Amino acid sequence: MLNALIAKKVLDDIKDSQTYKEGTRTNDLRWKIRLSESNAKLLLSNNSISEDEYWNIVLMINIHDTLKMHAIPGSSIESKFSHSSLAKNFASEYFEDKDILNMIQYHDEPFVLHKKIRKNNSEENKSRVNRLFDTIQNWKLFAMFIVSIGCVPGCSRQPIGWLIYESNKRGVCSIDKNVVIS
């Protein structure tokens, strides 16, 4: 995890880039960023996250969907043409924290997995869940990032509840389910 000062500096540098300015030119994305940042601020104000965690979450909020306009629609999360891979590669130009980069890469995975598992709890889907849990190291930070981006109008809270349940069940972190913002 980056410390707050470094995360703020990286965020300032990224916001100055032409790539960021192009990626956030739509009102929908700017609105989602503002709502997600407000959620992160709420988590900070109720002591669910530290200041360092807050600034890392805000950094990820501002990067994770920025390159959707350059992605090939329907690309898998791990495809080099997916918006998450493009965002991860963009972020890697500014910092090297592998775990934060993986959180950017896999930010949609909890939502996709929840939907898939509800339809079919196959071995393939279970394996994909295990891969996610093996890939992300700081589960509290990832879960709070998912809470921040997923608790916006139009998004179901069920995948977030599922992620918190799985995280607690696996012992990778202990998060109160009431952290989900309504």
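The values are calculated or read from the model by the stated rules, or taken from the named source; none is laboratory data. Keep in mind that what you see is a predicted model, and the values were worked out from it rather than measured. Heads up, the Cβs are rebuilt from the backbone with ideal geometry, glycines too, and the neighbour counts pull from every protein chain shown.
Results for (1) at positive phi; (2) touching a His at 6+ places or on another chain (Cβ under 8 Å); (3) acidic (Asp, Glu), shown as yes or no for each residue.
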{"residue": "LEU101", "(1), (2), (3)": "no, no, no"}
{"residue": "GLU109", "(1), (2), (3)": "no, no, yes"}
{"residue": "LYS115", "(1), (2), (3)": "no, no, no"}
{"residue": "ARG118", "(1), (2), (3)": "no, no, no"}
{"residue": "VAL152", "(1), (2), (3)": "no, no, no"}
{"residue": "LEU163", "(1), (2), (3)": "no, yes, no"}
{"residue": "ILE181", "(1), (2), (3)": "no, no, no"}
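The residues in region 7-22 that are closer than 12 Å to LEU59 by Cβ, of a type in the set (Ser, Thr, Tyr) and out of contact with any helix residue (DSSP H, G or I) (no Cβ under 7 Å at 6 or more places or on another chain) can be counted, and the count is 0. Cβ-Cβ distances below 7 Å connect the following pairs, each with a first residue in region 25-54 that is within 21 Å of ILE100 (Cα to Cα), a second residue that is surrounded by 15 or more Cβ atoms within 10 Å (Cβ to Cβ) and among the aromatic types (Phe, Trp, Tyr), and a separation of six or more residues or different chains: ALA40/TYR54; LEU44/TYR54.
Restricted to region 155-182, and to residues there that are part of a loop (DSSP other than H, G, I, E, B) and out of contact with any helix residue (DSSP H, G or I) (no Cβ under 9 Å at 6 or more places or on another chain), the residue that is surrounded by the most Cβ atoms within 10 Å (Cβ to Cβ) is GLY171. Sub-7 Å Cβ pairs linking a first residue in region 7-19 that is among the hydroxyl-bearing types (Ser, Thr, Tyr) to a second residue that is surrounded by 13 or more Cβ atoms within 10 Å (Cβ to Cβ) and assigned to a helix (DSSP H, G or I), at least 6 apart or interchain, are THR19/PHE90, ordered by first then second residue.
The set of residues in region 123-141 being assigned to a helix (DSSP H, G or I) and in contact (Cβ under 8 Å) with a residue 40 or more places away in the chain consists of LYS140, LEU141. Kindly check whether there is at least one residue in region 99-107 that is crowded, with 18+ Cβ neighbours inside 10 Å, at pLDDT below 95 and farther than 18 Å from LEU43 by Cβ. The answer is no, given that none of the residues of region 99-107 is crowded, with 18+ Cβ neighbours inside 10 Å, at pLDDT below 95 and farther than 18 Å from LEU43 by Cβ.
Let's see how each residue does on (1) surrounded by 13 or more Cβ atoms within 10 Å (Cβ to Cβ); (2) of a type in the set (A, V, I, L, M, F, W, C); (3) in contact with a Leu (Cβ under 7 Å, 6 or more places away or on another chain); (4) not in a helix (DSSP H, G or I):
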| site | (1), (2), (3), (4) |
| --- | --- |
| ASP12 | no, no, no, no |
| ALA40 | yes, yes, no, no |
| ASN62 | yes, no, yes, no |
| THR66 | yes, no, no, yes |
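Summed over region 39-56, the residues that are among the hydrophobic types (A, V, I, L, M, F, W, C) and either farther than 17 Å from CYS173 by Cα or in contact with a Pro (Cβ under 6 Å, 6 or more places away or on another chain) (or both) give a count of 4.
For every residue, the table says whether it meets (1) within 13 Å of the chain's Cα centre (by Cα); (2) assigned to a loop (DSSP other than H, G, I, E, B); (3) under 14 Å from ILE149 (Cβ atoms).
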residue: LEU35; (1), (2), (3): no, no, yes
residue: LEU43; (1), (2), (3): no, no, yes
residue: SER48; (1), (2), (3): no, yes, no
residue: VAL58; (1), (2), (3): yes, no, yes
residue: SER76; (1), (2), (3): no, yes, no
residue: ASP99; (1), (2), (3): yes, no, no
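Filter region 10-33 for residues that are basic (Lys, Arg) and under 19 Å from the mean Cα position of the chain (by Cα); which is farthest from ILE146 (Cα to Cα)? Looking at residues that are basic (Lys, Arg) and under 19 Å from the mean Cα position of the chain (by Cα), I get LYS15.
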